[in-house]
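The values are calculated or read from the model by the stated rules, or taken from the named source; none is laboratory data. Everything numeric in this text was worked out from a predicted model, so none of it was measured. Positions of Cβ are backbone-derived with ideal geometry, glycine not excepted, and every protein chain shown enters the neighbour counts.
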């Protein structure tokens with residue numbers, strides 16, 4: 001597990017032994033899984049567990065803003 005970003009009480013993680021498609025997990029009080037290139041090529045929420053809606057929105061905003069950097073990290077970790 002590699003923490004690639006921290007902001008506003010949230011921690012963005014990529015698991016080194018994880019599977020395609022490229023995605024991140026964001027941990028706060030709960031957690032979410034966000035696909036980095038959803039059906040329209042934009043980040044897409046896969047699931048949320050025990051996370052407030054406001055935190056889910058913040059997680060989505062972070063991932064949307066940092067998408068290119070996160071994709072680069074995903075590829076580097078899974079080469």
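For this structure, a couple of remarks:
- Matching residues in segment 20-38 - criterion: being in a loop (DSSP other than H, G, I, E, B) and under 15 Å from residue 70 (Cα atoms): 20, 21, 22, 36, 37, 38
- Residues of segment 23-79 classified as touching a residue at least 40 places away in the same chain (Cβ under 8 Å) and within 14 Å of residue 10 (Cα to Cα), total: 7
- Within the option set 56, 46, being modelled with pLDDT of 95 or more, farther than 14 Å from residue 4 by Cα, part of a helix (DSSP H, G or I) and touching a strand residue (DSSP E or B) at 6+ places or on another chain (Cβ under 6 Å) holds for one residue only, 56.
- Members of segment 7-26 found to be touching a strand residue (DSSP E or B) at 6+ places or on another chain (Cβ under 7 Å) and farther than 20 Å from residue 78 by Cβ, listed by number: 10
- Filtering segment 1-26 to residues that are surrounded by 14 or more Cβ atoms within 10 Å (Cβ to Cβ) and out of contact with any helix residue (DSSP H, G or I) (no Cβ under 9 Å at 6 or more places or on another chain) leaves 11, 13, 25.
- Any pair with Cβ under 7 angstrom, 6 or more apart, that starts in segment 8-22 at a residue that is within 22 Å of residue 51 (Cα to Cα) and ends at one that is in a loop (DSSP other than H, G, I, E, B): 9/28; 10/28; 13/1; 15/1; 22/36; 22/37
- When residues of segment 27-38 are limited to those that are under 17 Å from residue 72 (Cβ atoms) and at pLDDT 95 or above, the one surrounded by the fewest Cβ atoms within 10 Å (Cβ to Cβ): 35
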